[in-house]
Every structure is written in C-alpha cells, then in structure tokens.
1. Any residue at all in region 76-83 that is within 27 Å of residue 242 (Cβ to Cβ) and either of a type in the set (D, E, K, R) or assigned to a strand (DSSP E or B) (or both)?
2. When you go through (1) at pLDDT 50 or above; (2) not in a helix (DSSP H, G or I) one by one for residue 7, which number turns out not to apply?
3. What pairs can you find where one residue is in region 217-243 and hydroxyl-bearing (Ser, Thr, Tyr), the other is loosely packed, with under 13 Cβ neighbours inside 10 Å, and their Cβ atoms are less than 8 Å apart, with a gap of 6+ or different chains?
4. Quick one: which residue in 178, 192, 210 is in the same structural domain as residue 117 (by TED's automatic domain parsing), touching a residue at least 24 places away in the same chain (Cβ under 8 Å) and on the phi > 0 side of the Ramachandran plot?
5. Go through (1) modelled with pLDDT of 90 or more; (2) farther than 15 Å from residue 88 by Cβ; (3) surrounded by 15 or more Cβ atoms within 10 Å (Cβ to Cβ) for residue 187 and report which single condition fails.
6. Only residues that are in a strand (DSSP E or B) and either farther than 21 Å from residue 167 by Cα or without any contact (Cβ under 8 Å) to a residue 24 or more places away in the chain (or both): list them for region 84-130, please.
7. Could you check region 88-111 and list, in sequence order, the residues that are surrounded by fewer than 14 Cβ atoms within 10 Å (Cβ to Cβ) and not polar (S, T, N, Q)?
8. Looking only at region 138-175, which residues are polar (S, T, N, Q) and out of contact with any Lys or Arg (no Cβ under 8 Å at 6 or more places or on another chain)?
Amino acid sequence: MATSSRKQRTKRPSRSKAATSSRFPNETPGYRRARERLLKAEIGLRKQVETVAVLRRKLPLGGVVTQDYVFEGADALTGMRSMRFSELFTPGKDTLILYSFMYGPAMTHACPSCTSIIDSLDGAATHVSQCVNMAVVAKSPLPRILSFARERGWRNVQLLSSAGNSYNHDYHAEDDAGKQWPILNVFVKRAGRIRHFWASELLFAKAEKGQNQRHVDMIWPLWNLFDCTPEGRGRDWYPKLNYTG
C-alpha cells in the first residue's frame, strides 16, 4: 500500500481570535477560557463604541443658535463679568462642550451626581481645553456657584451662570416648571454662525429595566470604574456631596 511522503499533522485546537498571551499568577484554565469569551465581547463593544462615534461625527449640523446668550462668568484677570455665548469660542477652537449642572436657585443643595461629574471634569479641563472649548453652566446666581466651587476645590473648569437668560430652557436643561436637568450639549461654529451639534438625549429615552438613562456615562469615570468590579454599579447607590457624619 502506498504511503504518503507527507507527515501527518496533528490538528491543534483552534483558539479564539480574541485570545491574548496574557496570563496572571495562579489563574486556572477555566478562568482563562471565561476571560477570553469576555475579551471577545469587549472587542465587540470597542468596535460598537467607535461605530456610534462615527455616526455621531457624521451628524448634519443642527439648528442655528438664534441668540447670543449672556452668561455671568468668572475671569482670572477681571473677576466676575458678563460673557456672551459667542465669547465661549476661543480663537482656533470651533467646538464648545457645555454641561448643564443641576443647581437651580430653588435647590437647597447642588445635585450630588452632577457634582461627582464636575469633580472629574475639573481635573480633565486643562487637557480638554487644548483641543476644544468646555464650560459648565447652572441656573443659580454666579456667586452661589463660585462659593460651591470653592468648597469642592474646583480650579480649572469654566463655570457660568444662566440665571439671566433662557439657555437652560431652550436646550433642555430646565422644564416648563423650572425643574433642572443634567444634559451635555455640543455646539460648533461654522461660517461665522454657531450651531447646535449634539446632545445627550438618552436622558429622555426610556431606560432598560434595571438601568438608568446613562446619557453622560461617557464623561463620568465613576460608573465605568464600577463596571470593572464584581459588584458592578449597584442599583441603590448614588454619589453624595460628602461622606462624613
């Protein structure tokens, strides 16, 4: 009987394309198999995040901002002063990120969740400002906002008061009854006009069971950190203004 000149090759078990060479002390084969299944899902999530980001970047321009809102802001050189919406665009930067902070004049305390977000944004502000403009706006009078900022130790993020204009209501940070809402809006300057580009409208979409809207989680490190832990986010815990007493 003729024999083949080729040596028979032993078929090796196929490995997932998501497999890595990473190994950690004392991990079991079962752990590694489960980790590689999860890694495959994480790769899929990474692709989906970019797919959504591409769709966002391809949005057509939104509506023209029809009024040059006058805010109260603080300038390092001149102290408190009026600032027009158009002045929030610095030379060479045609994008503006505005986070609406739930701290209205009728609220006894600032929103703890918004405060947690701004605690993080304050640290990121000097980095963000290298590429785009960013500010945080609330409905309370500016002295009240600045007093709270001093308590929190915020030093970098630009803070604005919309107490004297209709910005909050126009861009869905306030309802008809005066209730404040947290929302992230992005504006762009094109051909000399300021236009709306995007907003975190997940705030107004019905949440899945057991979740909240998660509309600004992309700028909120807190929950993303918890997602890496076995406990997860936890359904009944939210940030507080302080953890003493």
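1. yes
2. Condition not satisfied by residue 7: (1).
3. From residues that are hydroxyl-bearing (Ser, Thr, Tyr), there are no pairs.
4. 178
5. (2)
6. Within region 84-130, just 84 meets the criteria.
7. 91, 92, 105, 106, 109
8. 140, 147, 156, 158, 165, 166
The values are calculated or read from the model by the stated rules, or taken from the named source; none is laboratory data. This one's a predicted model, so the numbers in the text were calculated from it and none came from an experiment. With ideal geometry, Cβ positions are generated from the backbone for all residues, glycine too; neighbour counts draw on all protein chains shown.
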